[in-house]
């Protein structure tokens with residue numbers, strides 16, 4: 001009996017190593033507060049989704065697990081909105097009381113499969129200071145950032161890559177960029193995370209980052225969505241047009 005708790009802890013540690021390895025090749029996601037709302041940006045297959053009127057999701061991991069969690073989030077938000085009102089749909093309730101417990105339970109039940117996914121949620125507020133970013137890990141742990149202090153959040157395949165991107169954004173982000181400048185900044189932050197993953201170097205300069213953009217973009221497809229603060233309809237989510245992203249890639 002004495003060995004049982006140790007075996008469980010050992011199994012959890014092994015499971016954590018396994019999940020981290022599975023997620024290590026993912027493409028980072030950047031969320032930024034800018035002049036007109038919140039921008040989410042990444043490179044790769046579809047990883048950005050609408051959850052509800054004011055809430056967007058970015059995810060890294062196994063497509064099947066991401067889809068299961070996405071559908072669960074949409075169903076929970078829609079049920080809340082129908083039973084009460086759209087204004088009552090809260091990212092905090094969605095993450096803390098619904099998704100996080102489900103992911104934590106799946107991770108700790110060592111005879112079942114964990115979710116191979118990391119999630120980044122963005123909820124737009126009436127003002128930039130009210131914007132909210134929540135990162136939900138595969139084990140159910142939640143990291144919260146309110147835009148009042150940091151006007152960005154990142155989702156990365158490794159801890160070191162996330163640290164590199166956060167350091168870059170702390171150095172470069174001003175929070176009042178227009179759409180074009182916000183896209184440039186997000187693309188540079190993505191490249192900063194890629195460069196760290198390759199070299200483990202110190203925070204790169206602008207020229208190094210632009211060189212990395214050229215090297216790493218390759219056949220990857222840029223994807224970006226916006227939560228608009230002054231949208232004319234209740235739905236504040238929209239996809240950034242490919243022609244605008246194409247103009248960004250021409251500057252690589």
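Quick notes on this one:
- Just one of the numbered conditions (1) within 29 Å of residue 229 (Cβ to Cβ); (2) in contact (Cβ under 8 Å) with a residue 24 or more places away in the chain; (3) exposed (fewer than 15 other Cβ atoms within 10 Å of the Cβ) is not true of residue 71: (2).
- For the stretch 222-237, taking the residues that are out of contact with any helix residue (DSSP H, G or I) (no Cβ under 8 Å at 6 or more places or on another chain) and loosely packed, with under 14 Cβ neighbours inside 10 Å, the one that is nearest to residue 178 (Cα to Cα) is identified as 230.
- Cβ-Cβ distances below 7 Å connect the following pairs, each with a first residue in the stretch 142-154 that is within 15 Å of residue 182 (Cα to Cα), a second residue that is at pLDDT below 80 and surrounded by fewer than 24 Cβ atoms within 10 Å (Cβ to Cβ), and a separation of six or more residues or different chains: 151/173; 151/175; 152/173; 153/145.
- Residue that is at pLDDT 80 or above, in contact with a strand residue (DSSP E or B) (Cβ under 9 Å, 6 or more places away or on another chain) and under 14 Å from residue 41 (Cβ atoms), where the choices are 235, 225: 225
- Search result, residues across the stretch 100-128 that are more than 10 Å from residue 138 (Cα to Cα) and in contact with a strand residue (DSSP E or B) (Cβ under 9 Å, 6 or more places away or on another chain): 120, 121, 122, 123, 124, 125, 128
- The single condition from (1) farther than 15 Å from residue 30 by Cα; (2) surrounded by fewer than 18 Cβ atoms within 10 Å (Cβ to Cβ) that residue 138 fails is (2).
- As a summary of the residue check, residue 170 satisfies the conditions (1) part of a helix (DSSP H, G or I); (2) within 25 Å of residue 24 (Cα to Cα); (3) modelled with pLDDT of 90 or more except for the one numbered (3).
The values are calculated or read from the model by the stated rules, or taken from the named source; none is laboratory data. Computed from a predicted structure; not experimentally measured. Positions of Cβ are backbone-derived with ideal geometry, glycine not excepted, and every protein chain shown enters the neighbour counts.
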